[in-house]
1. Under 20 Å from the 7 Å Cα→Cβ point of residue 102, by amide nitrogen: which residues of segment 175-206?
2. For residue 40, put the label point 7 Å out on the Cα→Cβ axis and report which residues of segment 58-93 keep their amide N under 11 Å from it.
3. Between residue 84 and residue 192, what is the label-to-label distance in nm when each label sits 7 Å out along the Cα-to-Cβ direction?
4. Between residue 76 and residue 210, what is the label-point separation in nm under the 7 Å Cα-to-beta-carbon projection?
5. For segment 200-235 and segment 69-127, compute the distance between their C-alpha centroids and round to whole Å.
6. Provide the gained length on full extension for the span residue 160 to residue 109, in nm with one decimal, where the gain is 0.36 nm per separating residue minus the Cα-Cα distance.
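All of the numbers you see were taken from the coordinates with simple rules; none came from a lab. Small disclaimer: the values here were computed from a predicted structure and weren't measured. Note that we place each Cβ from the backbone using ideal geometry, even for glycine, and neighbour counts take in every protein chain shown.
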C-alpha cells in the first residue's frame, strides 16, 4: 500500500504542476501550489487511514468538491468585476465549460470501463478533478486581473497562422483519432460528444485569452487524450 500511496502522490504532484501552467498563464505556480485545497489533499493522501484505494479516492473526491466550491466563488467574483462585454463572453464560456464537463463524465466512465486495477481508478478520479481545479484557477486569475473598462480584447491570430497552435491542434486530432480507434464501438459516440463539447468550450475561451493560453488549453486536452489512448484496453 505504501508504494500505491507514493504513486498517487507523484501523479497528483505532476498533474497539478501541469495544471498550474494552464491557469490562463497568470497564476504563479508557487502561489497556486500553496492553495489550502492542495495542502489538504496532500495531507489526506499521506494519512495511514487513507492508504487504501478507497481512501485515496475519498481524498481526491473531497478535493474535487472543494475545487468546485472554489469555481463557484471565483465565478461570483468575476461577474462582480467584469465589464459588460467581457461578462457576456465569460458567461458563454462558463455554460460551455459546464456542458463539456457533463459530457466528459460518461466518456471517462466508458473509457475506464476498458481498464482494470488500482491505477485506473485513481487516474479516472484525477481526470475528473483536474479540469475543475484548472477552471477555478483560471477564474481566479481572470477576476484578479480584470480590466474595469470596456477596452477591446486582444485580437488573436487564426490558429493556422500560429505555429504552436497549429502543432497543438495537429496533436489534438492525432490523439483523438488514436483513442477513437482503440475504444470499443459502443463507447465512440460518447467520446465524439465529449470532444464536440470541449471544442465549443475552447472556442468560447479563445476571445478571452492570449495566444499562449490558447495553446495551453489545447495542450491540456492533448495530454488527456494521449494519456487515455495509452490506457484504454489495458489491464
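1. Inside the label zone: 189-205.
2. 62-70
3. 4.2 nm
4. Distance between the two pseudo-spin positions: 3.1 nm.
5. 12 Å
6. 15.0 nm
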